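The values are calculated or read from the model by the stated rules, or taken from the named source; none is laboratory data. Owing to the predicted nature of the structure, the values given are computational and were not obtained by experimental measurement. Cβ placement follows ideal geometry from the backbone for every residue including glycine, while neighbour counts extend to all protein chains displayed. In case anyone asks, the SASA skips ligands and DNA or RNA and just uses the protein heavy atoms, side chains included. Shrake-Rupley method; radii C 1.70, N 1.55, O 1.52, S 1.80 Å.
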Amino acid sequence: MEMLMLTFTIFVLAIFVGVEVINKVPPTLHTPLMSGTNAISGIVVVGAIISSGGGEQTDGLSTFLGVLAIILACINIFGGFTVTDRMLHMFKKK
Amino acid sequence: MHVFINLAYLVAAVLFIFGIKGMTTPKTAVRGNQLSAVGMLIAVVAALLEQNVVSYLYIIMGVLIGAGIGTFLAKKVQMTSMPEMVAALNGFGGGASLLVASANYLEMQKAAEMPLGMIAGMPEADLKWAIALILSILIGAVTLTGSFVAVGKLMGKLGDPSSIGMFKLIVKICFVLLVSGSIYFVIDGPLENADLLIVMVVLCLLLGVALVIPIGGADMPVVIALLNSYSGLAGSATGFVLGNNGLIITGSLVGASGLILTTIMCKAMNRSLTNVLFGGSMAAQAGVSKDENDAFYEGKVKVTSADEVAMLLDSAKKVVFVPGYGLAVAQAQHATRELASMLQAHDIDVKYAIHPVAGRMPGHMNVLLAEAEVPYEQLVEMDNINPEFAQTDVAIVLGANDVTNPAASKDPNSPIYGMPILEVQNAKTVIVVKRGLSPGFAGIPNELFINDNSLMVHGDAKLVLQEIISAMKDL
């Protein structure tokens, strides 16, 4: 129970950090912000890697789901960062 | 080792926060994005060092396929299609969370059958785990199908249904079944109820479709922002499932971001989130018929030509462009910028007035204009440009309609009453470039077009702008 309280506290505090930081992003950059957050939500790849890593807890089906998850998460990571970079360079040049 | 891995996840989350902080100015944004990418690399390396990761073959395969598809999409996508791209990425994010949680469920089942009932590094199958698992699977599945319906709507492949009653009913039934199913699942013992879990996943996939289909195409900016938030929350829930703080922090950052953008979009349309989600499309509620629309404009619209516009612009001191989505459809961004540069060469002050819902997603119009190399300093937000219209000689409305309708501030009976608008009518002369007189997304006529100081040029925005440019050259 204490563990749960602790992780829940982290969750709530992180939302406040998110609100504080994101409120300062100007409307001009809202589209890159969205594609950028798409990219970082690919962090779920971490869980997918553990499921695809062939540890003794995995079996055929869970590995398959894990690999599928890696593919989707990597589309987000590579697609998100690349397209964000593309857009931001448009804003940079004069 | 375990401590170092968790520390690495924390470092990644901190880098993501710095990355988003970099997005507060266009100058630092590229670097911010790179910082986030470094954070992601650190997190991935840390995950590869986890003790339960013993073979890398499938991981490498998955990364290569995903990286290939992602990079290809990112390089190829047109800036006008960014809303579809982001909606699809939301869907993939939700889908990844769904899959990771499902894989984890299978692993927990297997672990429970092991002689000792535990495998090192695995979380405990307790109540907290069960609740997080169900949330992660439910939100992930709704985000997955909801996002792809949104993509279909944005691409124009899926229209707005004429009756939304059936979808509302499906949503209600799914909701009741899911709530009762979830409670049973958690209390009765999650590991023994795999069949129930499968049924609930299917229900959620259906729920995602039924939730988004009735929402009007014009409301997609809100839906994309909301699904963005969901994809983050699904990630957070997955973090609770795996007991991974890095995932929890990152997911809540994304969730907060999506929520803020949703609120901004709702405010810009003066509608509540519930109204957007369950109110059906605006045009279906309040639209006027074609005859009423024609009667409204009958004989009151003053039409002008490109030559006259060129002469007006030549004697102007300050010109404001008011771009709407129609500008993007006509691919007229570059012609607009060309005309703007010409005006600036004549020492005319040029600005662009950007309404928050001018494009099809938050900040979309800014990206489209940035692509045409319009300096971002010239893009002015609604609240800042509105006081300037009174000193503006010529305002040129390009493919924008509802966001310039004075009825929003004057007529309490208008369906868009209370929506913040660009006060274009205060400019000395308003030039409206528009193909015809068809109503915008709200389905109502615009009295701006019949004002005394308004002149219309009928035609495709790009062609009209090119005519004005050549007329300016001839002056």
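Points to keep in mind about this one:
- Put B:376, B:58, B:352 in order of accessible area, highest first, and with a 1.4 Å probe you get B:58, B:376, B:352.
- Across peptide B:359-372, the mean count of Cβ atoms from other chains lying within 10 Å of each residue's own Cβ comes to 5.
- Within a straight-line Cα-Cα reach of under 15 Å, residue B:168 can be paired with the following aspartates and glutamates, leaving aside sequence neighbours fewer than 8 residues apart in one chain: B:160.
- For chain B, a simple Cβ point-charge model (Lys and Arg +1, Asp and Glu -1, everything else neutral) yields a dipole of about 440 debye relative to the Cα centre.
- The percentage of C-alpha pairs in the stretch A:40-94 whose separation is greater than 14 Å is 58%.
- Rg ratio (alpha-carbon, reference 2.2 N^0.38 Å) - the stretch B:236-345: 1.78
- Between residue B:267 and residue B:438, the modelled label-to-label distance comes to 3.3 nm, taking each label 7 Å out from Cα in the direction of the beta carbon.
- Rounded to the nearest 0.05, the FRET efficiency derived from the C-beta distance between residue B:127 and residue B:6 at R0 = 30 Å is 0.85.
- Modelled spin-label separation between residue B:317 and residue B:294, with each label point placed 7 Å from Cα along the Cα-to-Cβ direction: 4.5 nm.
- Note on residue B:187 and residue B:380: the extension gain reaches 64.0 nm, defined as 0.36 nm multiplied by sequence separation minus the Cα-Cα distance.
- Gyration tensor (alpha-carbon) shape descriptor, the stretch A:1-76, a/c threshold 1.5: oblate
- With Cα atoms, 0 to 90° folded angle of helix B:165-188 axis to chain B main axis: 20
- In a fully extended conformation the segment linking residue B:329 and residue B:64 would gain 91.9 nm over its present Cα-Cα distance, using 0.36 nm per residue.
- Dividing the mean sequence gap of close Cα pairs (under 8 Å, 6+ apart) by how many residues chain A holds gives a relative contact order of 32 percent.
- Spread over its residues, the convex hull of the C-alpha atoms of chain B is 148 Å³ per residue.
- Put the Cα centre of the stretch B:82-105 next to the Cα centre of the stretch B:354-424 and the gap is 33 Å.
- Extending 7 Å from Cα along the Cβ direction at residue B:18 and again at residue A:59 yields two label points whose distance is 4.4 nm.
- Residue B:110 sits with roughly 60 Å² accessible to a 1.4 Å probe, with DNA, RNA and ligands left out of the calculation.
- Positive-pole candidate from B:30, B:82, B:8, dipole of the protein assembly as shown, charges at beta carbon: B:30
- Rolling a 1.4 Å probe over the protein heavy atoms of the stretch A:1-67, with every protein chain left in place, gives an accessible area that is 76 percent carbon and sulfur.
- Ordering B:175, B:449 by accessible surface, largest first, gives B:175, B:449; the 1.4 Å probe counts only protein heavy atoms, with every chain in place.
- Accessible surface comparison of B:56, B:230, probe 1.4 Å, protein chains only, largest first: the order is B:56, B:230.
- Separation of the alpha carbons by more than 21 angstrom is noted, of A:92/B:75; A:92/B:21; B:153/B:410; B:267/B:462; B:317/B:351, for B:153/B:410; B:267/B:462.
- Here the calculated FRET efficiency for residue B:199 and residue B:301, from their Cβ-Cβ distance with R0 = 56 Å, stands at 0.45, rounded to the nearest 0.05.
- For the chain pair A and B, the buried solvent-accessible surface (1.4 Å probe, both sides summed) amounts to about 7900 Å².
- The percentage of C-alpha pairs in the protein assembly as shown whose separation is greater than 43 Å is 25%.
- Sites residue B:475 and residue B:72 - FRET efficiency at Förster radius 56 Å, r taken between beta-carbons, to 0.05: 0.75
- Packing-based ranking, highest mean first, of A:52-60, B:407-415, B:419-427 given that Cβ atoms within 10 Å are counted: B:419-427, A:52-60, B:407-415
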